[in-house]
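To start, the structure under review is shown below, and the notes come after it.
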Amino acid sequence: MKKTIIATTLISIGISASFSQQAIAANVDTDDQMLVTANRSQQEQFLALSANSVITSEQIKTMQVGNISELLDTVAGVSVVQQGGSGQNTSIFMRGTNSNHTLILVDGVRINSATLGTTNLTAISPSQIERIEIVKGPRAALWGSDAIGGVIQIFTKQLHSGEGSLTVGAGSNGLIQADAAMGLGNDKHNISISVSTESSDGFNAYTTDPYPYDINEDDDDGYERFSVSAVGNSQLTNTMSLHLVSRFESGNSEFDASYPDSPCWFDEALACPAYYANEQDHENYSVKLASRYQGDNLFSELAIATSQDEAENFGNETVPSTISTERNQVSFINQYQFLTGTSFSLGLDYYVEEISNSEDLDGWVPGFQTWDEVEREVSAVFLQAQHQQDKLLLEGAVRHDDIENLDAETTYNASVGYQINDNWLVSVTRGTGFKAPTFNDLYWPGSGNPDLQPEKITNNEVLIRHQFSSDSLNAKVELSAFDSEIDNLIAWAPNEFGLWQPANINSAEISGVEASIMLNVGNINNQLNLAFVDAEDSVTGDKLLRRPELTATYSLGYHWQNFSFNSLVSYRDESVDAGEAKLDSYVLVDLGVSYHATNNITLNARVNNIFDEEYQTSLNYFADGTNYKASVSYSF
């Protein structure tokens, strides 16, 4: 019924009207100097009043990464925790906030799981990405729930008509990969199709003392994944256009599980609970159709989207268990260029989240157990104003979210900037954000707590940005300092009956300093990212788990004749994990090279962790040692 309502809404509103000559939402034509995610409208990156980073397709190609998390781990203020290799579970900690406090968007479509609150980023192929925008700090005033630590938006690659590429590669741990992409159509009507496949035998990542639980499976944990994307544009008139962005992903990953030798309490006649599984299949998709009107002073986008996040756990003779999130979304965003330098944006967001499970969620209770609620609606309206008066820049946004079965939330962002000259900008920002409890927190049978309230953040930030360019030198510097207070954090605790369940009992204080420095001199490219983040429990003063205080990455690139060389040095400070376990600091060195054999053919090779450093970002999960891969690409 709700799908019908959404479709009817799209038809009844029509093709749309209003918004300035800026572009909004996803898959807008942008270059390296533009930013979309910070304000849901295209703006010059240098003038954005929030700390941000952009990873381009050229950088993705140069780094030859295996998954998106490797890219994000180079960004100042972002720490990635990976439980094994490329196909294993990955957590993103932005500015010291929790792993489910970062909103993940693909072409403007939110893809965070409604049950876990996180996203399987390893499922998305880097070869299909045009750019990644990372905006730090709470942005709930524009994007709503989940944007506590920040927002990461992934834009799918689009080719011009007649363009194409083909890449095949292989590497250590039995890695095999292939990517192909092709642009079809003409200048007014075009579509890009991209296909990617990859598989690896993996390695045995989990090691611990088996007593009292036999949880060591001495085998390699491999993975395989397949993805296809389609991105299209159709220019109907000078002012009207239609846009399609879609993707489909499927794959399998292996991991170590509890009790693999005797998984069913020594009674093999019993069906094993799902948490004894040691494999997972996933099947995710998203489809978005948008119509845009662009006039002299008005621009509008109306978009309808649907997405799925689905995982099936099985193995060790378990009964397969599938949990799925389906989300249907509608957004209508308008901006009016009131005067030169002044614009107003009005946006409406509506989405319905539905979850489902194939197997009983609580085997201790007779009958088929599922969540107490399996669906909720979220509707929101936001208003934003931007104004530039000479060197003074002002931004303000306020948003009201009405979440079914939860209290409504109102959030805001307010920024003041001063452009000293063409090369210097300073700004001050104060903002709030929230994260709605997940379905697991609220309604899991036997332990959910329907009285939970959203987690909330208040953040203050000071930003300094500098840029310089000449014939032989190009430099960018961004420095930011922030201070955050997070309340109502959800943690497990006994209730009045002595039963453990989630409760809003924790709070945190997080402060930090970030620096991003880019310096290109002739054929030499330098990029240094530094961050110091102090994340503590407000009550106990203990450090928050898996969050190192000091992180740093330095990338050096050099172009010589037909060769391109790249090196990456990464440092992670020590951190703590469960049970006050200590994770040691480490330094990694990666080296890569590309040889442009012809205008169309490129040979690539990369060696990661060349000194075979043994390290952990999550307790008992060791990362890969020295590993390598090589590929050949043909483009036209």
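General remarks:
- The Cβ shell under 13 Å around Q128 holds other residues with a net charge of 0, Lys and Arg each +1, Asp and Glu each -1.
- Counting Cα-Cα pairs of the range 103-220 in 5 Å increments starting at 0 gives whole-percent bin shares of 2, 9, 13, 13, 13, 14, 14, 12, 5, 2, 1, 1, 0, 0.
- When each of K136/K435; K157/K629; K61/K391; K136/K476; K136/K456; K391/K435 is checked by Cα-Cα distance, pairs over 26 Å: K61/K391; K391/K435
- Karplus-derived 3J(HN,Hα) values for the range 581-595, using 6.51 cos²θ - 1.76 cosθ + 1.60 with θ = phi - 60°, are 5, 9, 9, 5, 6, 7, 10, 10, 10, 10, 10, x, 8, 10, 10 Hz; glycine and proline are entered as x.
- A simple packing score, the average count of other Cβ atoms within 10 Å per residue, orders the peptides 544-550, 390-396 as 544-550, 390-396, with the highest score first.
- Table column - 3J(HN,Hα) (Hz), the range 493-501, Karplus curve with 6.51, -1.76, 1.60, x for Gly and Pro: 7, x, 8, 5, 9, x, 8, 7, 7
- Per-residue [θ]222 nm for the chain (sum of -39500 (n - 2.57) over DSSP H runs n ≥ 4, rounded to 500): -1500 deg cm²/dmol
- The spacing between the range 34-98 and the range 167-183, judged by their C-alpha centroids, is 23 Å.
- Put simply, when 71-77, 56-62 are sorted by average Cβ atoms within 10 angstrom per residue, most first, you get 71-77, 56-62.
- The range 2-635, relative contact order [Cα under 8 Å, separation at least 6], %: 12
- When peptides 344-350, 585-591 are ranked by their average number of other Cβ atoms within 10 Å per residue, the highest-first order is 344-350, 585-591.
- Euclidean distance of C-alpha centroids, the range 612-636 and the range 371-398, integer Å: 39
- For Q616, nonlocal amide neighbours, meaning residues 5 or more places apart or on other chains whose placed amide H falls under 5 Å from its own, are D584.
- Reciprocal mean inverse distance between Cα atoms of the chain - Kirkwood radius, Å: 25.6
- Average Cα contact separation per residue, the range 477-636, under 8 Å, 6 or more apart, as relative contact order %: 13
A short reminder: the numbers here are calculations on the coordinates, not readings from a lab. Treat the numbers as computed from the prediction; the structure is a model and nothing was measured. Every residue, glycine as well, gets a Cβ built from its backbone with ideal geometry; the counts of neighbours run over all protein chains shown.
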